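**Q** Structure in structure tokens, see below.
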Ligand code: S3P
């Protein structure tokens, strides 16, 4: 099986669905955010604060390039589509799955989240980021799955059926 890359905005469920797909398809799951934190021994918030977003993007691309292109589920960070090289890598090597979630649903899920530096901005900035990203996810995906009002199991089964 070609590796599956889960893309989507912060809070769209990439890590949760990644874990569930991994169990269902019996292949290992890698979360690029977790990998960045492990490899570079800092939390994402610390990397943003100490080294800036550009450094985080460099680390993220480095981690992505080193993930296996067969028989894996890769949950990516919401900003993976910010770099063309990442998009190219995912499209060339595997199947890209976009977990599409509405802004309102994301805002509800992340209401108390304090771990994501780009979610600590004001509402207009978050909306602008969401709209800009939405276009990038749509343009670069192989499979689009709507996630609003669906359980994680339903979403996971839906992706499996589409493969
Ligand atoms: C980011 C999303 C985060 C994390 C970082 C930047 C983004 O991942 O990579 O805070 O630019 O959208 P999640 O999508 O897993 O929250």
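**Q** Please work out the Cα center distance from the range 4-47 to the range 97-154, rounded to the nearest Å.
**A** If we compute the Cα centre of each part, the gap is 15 Å.
**Q** Between residue 85 and residue 151, 0.36 nm times their residue separation minus their Cα-Cα distance comes to what?
**A** Stretched out fully, the residue 85 to residue 151 stretch lengthens by 20.5 nm.
**Q** At a Förster distance of 45 Å, what's the computed FRET efficiency of residue 160 paired with residue 49, Cβ-Cβ distance as r, to 0.05?
**A** Working from the Cβ atoms, E equals 0.70.
**Q** Using 0.36 nm per residue of separation minus the Cα-Cα distance, give me the extension gain between residue 132 and residue 113 in nm, one decimal.
**A** Net length gain for the segment: 4.7 nm.
**Q** Taking N as the number of residues in the chain, what is its alpha-carbon radius of gyration divided by 2.2 N^0.38 Å?
**A** Cα Rg divided by the expected 2.2 N^0.38 Å: 0.97.
**Q** Now, a different point. In nm, what is the difference between 0.36 nm times the number of residues separating residue 41 and residue 66 and their Cα-Cα distance?
**A** 7.3 nm
**Q** Given the rule -39500 (n - 2.57) for each run of at least 4 DSSP H residues, summed and divided by the residues of the chain, what is its mean residue ellipticity at 222 nm, to the nearest 500 deg cm²/dmol?
**A** It comes out at -16000 deg cm²/dmol, rounded to the nearest 500.
**Q** Could the peptides 22-30, 54-62, 123-131 be put in order, highest first, of the mean number of other beta-carbon atoms found within 10 Å of their residues?
**A** Ranked from most to least packed, the peptides come out as 54-62, 22-30, 123-131.
**Q** Can you pull the one-decimal nm distance between simple spin-label points at residue 123 and residue 16, each 7 Å off the Cα toward Cβ?
**A** My value for the distance between the label points is 2.4 nm.
No value in this document is a laboratory result; all are computed from the given coordinates. Here the structure is a predicted model, which means the values were calculated and not measured. Neighbour counts are summed over all protein chains in view; Cβ atoms, including those assigned to glycine, are modelled from backbone coordinates with ideal geometry.
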